[in-house]
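Engineer: Before we start, here is the structure in question, set down as structure tokens.
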Amino acid sequence: EFSSGRGRLKQARLAGDRRDLYPHSLQFYLEPPTENISLVEFESFAIDRLKLLKVVENLGVSYVRNSDSYKTKLEFELRKLKFPYKALAEDDYEARRKDHISHFILRLAYCQSEDLRRWFLQQEMDLLRYRFNEVTDNLRQKFLEHVNLSFEAVSEDLKNELANELYTSTPGLSMTKVKEQMFYKVGLADAVDLFRARRVFIKDGFAYVPFKEIDVIVLSNYRTKLSKALALTARSLPSIQSDERLQPLLNHLSHSYIGPDYSVQKNTGKISLEQIDTLSVKSFPLCMRQLHKALRDNHHLRHGGRMQYGLFLKGIGLTLEQALEFWKKEFIRGKVDADKFDKGYAYSIRHSYGKEGRRTDYTPYSCMKIIMSNPPSQGDYHGCPFRHSDPELLKQKLQSYKIPPSGITQILELVKGMHYQLACQKYFELTHDVDNLGFSLNHPNQYFTESQRLLSGGRELKKELSNSGNSQQKSNSQESMNSNSTPTSSNTTADAELEGLEAYFTED
């Protein structure tokens with residue numbers, strides 16, 4: 001149940017009244033929450049967890065899981081967002097409560113399609129893996145008992161008797177480690193992943209699992225339970241969708257972008273129409289570069305493309321007057337005459353700027369909105385190329401933009417794993433010659449802004465790096481970047497036109 005008031009009900013705050021609900025900082029989320037919370041808290045909890053899962057996804061691709069860098073960065077996010085982590089393992093009721101409630105809210109939002117369920121399941125499993133490996137041995141054992149995964153420990157006598165078999169059947173363990181490591185007898189049904197991978201010794205229907213591999217058993221069990229729970233939740237959606245308070249929130253969360261909406265741009269009017277061709281090569285994300293090229297080639301875009309690209313251009317600073325001029329000039333080069341444009345297309349442009357109809361000032365589309373809604377059909381150019389393009393066509397496009405083969409392979413691997421935003425982030429890194437962005441790309445306009453900041457602020461640095469001859473790889477990468485940044489119709493004049501704009505983006 002959810003209260004629309006801002007104050008939480010007092011009984012939910014009484015010391016000790018609910019602490020028995022969360023005996024451990026780890027959970028399998030088997031029982032849904034039953035308390036009343038405000039709609040404000042409902043949304044706040046959900047957004048914080050979504051931020052956390054986005055970080056989990058990003059770190060999982062950028063770093064080796066369980067490496068020091070991975071663990072340090074993830075612990076920092078858990079602390080910042082006030083979710084349970086190892087330092088709070090004994091007394092973190094508020095964090096455990098938030099963890100419990102926020103999981104079930106996102107479960108409602110992310111059960112609505114197969115893609116959403118798959119993404120949610122993967123991030124939740126990665127989060128549990130990290131948490132499970134970070135708690136103490138004692139707390140880990142208590143948790144296993146709590147979720148009915150307590151296994152019989154192999155006695156020292158039996159372990160010594162089977163030492164040779166355990167050593168030869170357990171990859172990564174020396175004989176010394178075998179003797180030091182605690183082993184458990186686990187039923188084959190629970191150890192099926194380890195059994196298939198030939199990572200455990202099997203005898204009399206039991207797998208002899210070293211303590212370091214117990215997380216595989218836990219995660220396999222968790223995956224089964226959460227997959228089933230998501231399917232059951234999806235069946236219950238009709239009753240949820242009838243609640244006019246919750247459905248808009250849940251839809252927003254499943255398409256959610258957490259960050260600036262780029263509705264008000266300080267650089268409005270700072271970009272000239274003559275700069276757009278050059279900018280499309282230097283600083284547009286692949287989705288907008290694709291739309292711009294299609295518009296220039298065909299002198300037309302269908303409604304989905306006009307909305308996606310038009311709002312992006314609005315976000316980077318085009319005024320209403322510039323937008324009308326830009327679209328009209330291009331359309332009348334095709335099959336649309338000036339009168340037809342004024343009657344059929346100008347209204348929708350004014351509408352998107354909040355000058356017609358209900359005067360809604362529309363905001364540019366985020367990556368999640370582009371990925372999750374209105375997929376392109378034949379003849380359309382909108383959408384996310386990493387999500388909606390055939391992999392072979394995407395490969396050809398990247399080759400035409402002179403992305404190096406190793407970079408294309410990395411991008412296609414991320415696409416295969418359905419990490420579409422991370423694929424776009426890798427595209428940014430490859431076209432801007434940077435190794436680690438230090439931020440997550442979640443919005444096409446964010447891509448543009450960060451590109452302009454980097455191009456303006458990094459020029460002298462890149463020159464110094466090149467002169468000092470730090471590495472052959474660096475100069476090769478710079479050469480790649482230069483070949484990608486060559487405008488279609490350009491010379492030094494076009495670059496000079498960008499000087500003022502690029503300097504502008506260094507502010508703040």
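The values are calculated or read from the model by the stated rules, or taken from the named source; none is laboratory data. These figures come from a predicted structure and were not determined experimentally. Here the Cβ is made from the backbone with ideal geometry for all residues, glycine too, and neighbour counts use every protein chain on show. Quick note on the areas: whole protein, heavy atoms, side chains included, nothing else; ligands and nucleic acids left out. Shrake-Rupley method; radii C 1.70, N 1.55, O 1.52, S 1.80 Å.
Engineer: Only residues that are among the polar types (S, T, N, Q) and within 30 Å of L30 (Cα to Cα): list them for segment 143-190, please.
Structural biologist: Those that are among the polar types (S, T, N, Q) and within 30 Å of L30 (Cα to Cα): N148, S150.
Engineer: Which of (1) open to solvent by 20 Å² or more (accessible area, probe 1.4 Å); (2) farther than 24 Å from Y420 by Cβ; (3) part of a helix (DSSP H, G or I); (4) touching a residue at least 24 places away in the same chain (Cβ under 8 Å) is the odd one out, the single condition P33 does not satisfy?
Structural biologist: (3)
Engineer: Check V336 against each of (1) open to solvent by 80 Å² or more (accessible area, probe 1.4 Å); (2) farther than 28 Å from Y262 by Cα and name the one condition it does not meet.
Structural biologist: The number of the failed condition is (1).
Engineer: Would you pick out the residues in segment 81-102 that are under 18 Å from G60 (Cβ atoms) and at pLDDT 85 or above?
Structural biologist: Answer for segment 81-102, where residues must be under 18 Å from G60 (Cβ atoms) and at pLDDT 85 or above: L81, F83.
Engineer: Looking only at segment 157-171, count how many residues are in contact with a helix residue (DSSP H, G or I) (Cβ under 9 Å, 6 or more places away or on another chain) and open to solvent by 80 Å² or more (accessible area, probe 1.4 Å).
Structural biologist: 3
Engineer: Here's a check for you: in segment 299-333, which residue that is surrounded by fewer than 15 Cβ atoms within 10 Å (Cβ to Cβ) and over 33 Å from the mean Cα position of the chain (by Cα) is farthest from P444 (Cα to Cα)?
Structural biologist: R333
Engineer: Could you list, in sequence order, all residues of segment 400-434 that are out of contact with any helix residue (DSSP H, G or I) (no Cβ under 7 Å at 6 or more places or on another chain) and either loosely packed, with under 13 Cβ neighbours inside 10 Å or not in a loop (DSSP other than H, G, I, E, B) (or both)?
Structural biologist: S400, P405, S406, T409, E413, K416, Q425, E429
Engineer: For residues that are open to solvent by 50 Å² or more (accessible area, probe 1.4 Å) and at pLDDT below 80, tally how many sit in segment 213-254.
Structural biologist: 9
Engineer: Select, from F42, F104, the only residue that is touching a strand residue (DSSP E or B) at 6+ places or on another chain (Cβ under 8 Å) and over 19 Å from Q421 (Cα atoms).
Structural biologist: Of the residues listed, the single one that is touching a strand residue (DSSP E or B) at 6+ places or on another chain (Cβ under 8 Å) and over 19 Å from Q421 (Cα atoms) is F42.
Engineer: Could you pull out the residue among D126, D137 that is touching a helix residue (DSSP H, G or I) at 6+ places or on another chain (Cβ under 6 Å), within 28 Å of S67 (Cβ to Cβ) and among the acidic types (D, E)?
Structural biologist: That would be D126, the only listed residue that is touching a helix residue (DSSP H, G or I) at 6+ places or on another chain (Cβ under 6 Å), within 28 Å of S67 (Cβ to Cβ) and among the acidic types (D, E).
Engineer: Same structure again: Cβ-Cβ distance below 7 Å, separation of 6 or more or different chains: which pairs start in segment 318-336 with a residue that is at pLDDT below 95 and end on one that is open to solvent by less than 10 Å² (accessible area, probe 1.4 Å) and not in a helix (DSSP H, G or I)?
Structural biologist: L318/I271
Engineer: Give the residue, chosen from V56, V40, that is assigned to a helix (DSSP H, G or I), within 30 Å of S236 (Cα to Cα), open to solvent by 60 Å² or more (accessible area, probe 1.4 Å) and at pLDDT 85 or above.
Structural biologist: V40
Results for (1) open to solvent by 60 Å² or more (accessible area, probe 1.4 Å); (2) aromatic (F, W, Y); (3) in the same structural domain as H443 (by the TED database), shown as yes or no for each residue.
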| site | (1), (2), (3) |
| --- | --- |
| P375 | yes, no, yes |
| Y381 | yes, yes, yes |
| E392 | yes, no, yes |
| K397 | no, no, yes |
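Engineer: A follow-up question, please. Across segment 346-373, what is the number of residues that are without any contact (Cβ under 8 Å) to a residue 24 or more places away in the chain and open to solvent by less than 70 Å² (accessible area, probe 1.4 Å)?
Structural biologist: Number satisfying all stated conditions: 6.
Yes/no per residue for (1) over 23 Å from N374 (Cα atoms); (2) within 20 Å of the chain's Cα centre (by Cα):
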| site | (1), (2) |
| --- | --- |
| E392 | no, no |
| I403 | yes, no |
| E413 | yes, yes |
| Q425 | no, yes |
| V434 | yes, yes |
